[in-house]
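The values are calculated or read from the model by the stated rules, or taken from the named source; none is laboratory data. Small disclaimer: the values here were computed from a predicted structure and weren't measured. Please note: Cβ atoms are built from the backbone with ideal geometry, for glycine as well, and neighbour counts cover all protein chains shown.
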Amino acid sequence: MSREIISTDNAPSAIGTYSQAVKTESGRLVFISGQIPLAPGGDPASADLVSADFVAQAHQVFKNIEAVAEAAGGNINHCAKLTIYLTDLGQFALVNEVMAQYFAEPYPARAAVEVSALPKGAQIESDAIMVLP
């Protein structure tokens, strides 16, 4: 199976041993790695979160997914599935409010799970599976 590695300077570089996204050989299926609320550019290993505010962090996560989706040749509305990781599931209603500003109906399938911790002390992370037309 051949695959294309997707990379953009408009989203944070990978912190570890992974790619921002991988497009499969069909050219239609794209797996977007988990995005945390780091601003693009700079050294992601030493970068700080965009804010301590949850809403600001959620916005940055979706901006990062949007940038990687565009680098893969699509847009955020081509996402078919999201998994959202939260350190406090009590923020679920805020996630819905922020998501509505980035996604158009019909919305992607989604799972939201509470986790004990995320990289860099982030309060939210999301990955996505995108299907290009």
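Some notes on this structure:
- Of all residues making up region 90-114, the number that are hydrophobic (A, V, I, L, M, F, W, C) and loosely packed, with under 12 Cβ neighbours inside 10 Å: 6
- Selection count where residues are in a loop (DSSP other than H, G, I, E, B) and under 14 Å from the mean Cα position of the chain (by Cα), scope region 1-14: 7
- When region 30-55 is filtered for residues that are modelled with pLDDT of 90 or more and buried (at least 16 other Cβ atoms within 10 Å of the Cβ), the ones remaining, listed by number, are VAL30, PHE31, ILE32, SER33, GLY34, GLN35, ILE36, PRO37, LEU38, LEU49, VAL50, PHE54.
- The listed residues are ALA80, ALA58, and the only one of them that is of a type in the set (A, V, I, L, M), touching a Pro at 6+ places or on another chain (Cβ under 8 Å) and surrounded by fewer than 22 Cβ atoms within 10 Å (Cβ to Cβ) turns out to be ALA80.
- Region 122-133 - residue that is surrounded by 13 or more Cβ atoms within 10 Å (Cβ to Cβ) and not aliphatic (A, V, I, L, M) and, of those, nearest to PHE31 (Cα to Cα): ASP127
- Selection of region 74-96 for residues being in contact (Cβ under 8 Å) with a residue 40 or more places away in the chain and of a type outside the set (Phe, Trp, Tyr) yields GLY74, HIS78, CYS79, ALA80, LYS81, LEU82, THR83, ILE84, LEU94.
- Residue pairs whose Cβ atoms lie under 7 Å apart, separated by 6 or more positions or on different chains, with the first residue in region 10-29 and within 16 Å of LEU132 (Cβ to Cβ) and the second acidic (Asp, Glu) and surrounded by 13 or more Cβ atoms within 10 Å (Cβ to Cβ), are LYS23/GLU4.
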